[in-house]
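Participant: I have a structure I would like to understand better, so I am pasting it below and will then ask my questions one at a time.
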Amino acid sequence: MKKRTGRFLSLLIIATLVMNGCGTANTPENTAVQTQDAQTEDNQAPDDDQAGDDTQSGDAADTSSQADTASDTAQSSDSEVPRARGTSSETAADTSTTAQPDDGETHNFVGIITDATQYSVSAQSALGNTFSLTIPESGVQGNLRYLTVGQIATITYTGSLDENHATLVGLSDSSLLTGIYVEEYAFAIKIINAVKAMNVDELASLTNFPVFVDKGGDSKGPVDDAETFKKIDSDVLFTETLVERMGNYNLFDLEYTDAGFVMGDGGPNITFDVDDDGILGIIGINCTATPSK
């Protein structure tokens, strides 16, 4: 009876222990701990998502900041980098005064200025050819205000001289020395223009009287005054050969001789010089092809 009672008590104790072990697994404390852990995980998940959103938002902010910085840098670059020389509007306006025609090809020659107006300049080359060049509205390089008839200049142009389609581009002083001054060249040009126009009054105004006139044959000798000079028959004074010779005269051939400045070797020719008062004037006219003896 005691043994059975002892076994029964042992089984009862064992059963009680087993039940107590199973109950511990589901105790309110354990359940609370598990619930807290689950809530902790749930709370951590949104934090991770929020962290991801924050990271993306930060990346977007950084990208926007970089774009703003790039824009600021570009604006700063435009305002701070100096313009290249010659690209300002003022310089462009200045350079427009020296703009070339479409072909862009320029040429130059040394010439004696024979005429100058508001719209054109004429010059004779060393070969004796006289060319007229158009002055463009945009202007030219060099100061036309101080341009003087009789001046030797280096002339830069575009276009064709032979077809009178040349445009003046630039004008500058020439280093060419001929031994003749501007005044002498300018005076010779006045003589040429008067003879070409067969203007006896103009020719008389350029003459220092008395003047020696050779009309050919025995008709030669001094003419004492302008009135007598103007009475000379125009056909006798302005012979075809004299007009042609003066019209084609090369100013670069002008030189000083013992007789004075002789325009044309042999005949016909015109000679001028300064008088005792230092005034330039014609002192001799040879109207014939060859001087009379």
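Participant: Determine, from the Cβ-Cβ distance of Asp233 and Asp275 and an R0 of 30 Å, the FRET efficiency 1/(1 + (r/R0)^6), rounded to the nearest 0.05.
Facilitator: 0.65
Participant: Just to be sure I understand the model, the point goes 7 Å from the Cα along the line to the Cβ. What's the resulting Leu144 to Asp115 distance in nm?
Facilitator: If labels sit at Leu144 and Asp115, their model points lie 1.5 nm apart.
Participant: What list of ³J(HN,Hα) couplings, whole Hz, do you get for the stretch 166-172 from phi and the Karplus terms 6.51, -1.76, 1.60, once you set θ to phi - 60° and write x for glycine and proline?
Facilitator: With coefficients 6.51, -1.76 and 1.60, one gets 8, 10, 6, 10, x, 9, 9 Hz.
Participant: If you don't mind, another one. Can you put Lys215, Lys230 in order of Cβ neighbours within 10 angstrom, beginning with the fewest?
Facilitator: Lys230, Lys215
Participant: I've got another one for you. Which whole-number percent gives the relative contact order of the stretch 101-225, counting Cα pairs below 8 Å spaced six or more residues apart?
Facilitator: Once divided by the residue count of the stretch 101-225, the mean separation gives 20 percent.
Participant: Let me ask you something else. Given a Förster radius of 35 Å and the C-beta distance between Asp201 and Ser174 as r, what FRET efficiency does 1/(1 + (r/R0)^6) yield to the nearest 0.05?
Facilitator: The calculated FRET efficiency here is 0.55.
Participant: Report relative contact order for the stretch 104-173 in percent, whole number only (criteria: Cα-Cα under 8 Å, sequence separation at least 6).
Facilitator: For the stretch 104-173, the relative contact order is 36 percent.
Laboratory data are not the source of any read-out in this text; all were calculated from the coordinates shown. For clarity, every value in this text was computed on a predicted model and none was experimentally measured. Every residue, glycine among them, receives a Cβ derived from its backbone with ideal geometry; neighbour counts consider all protein chains shown.
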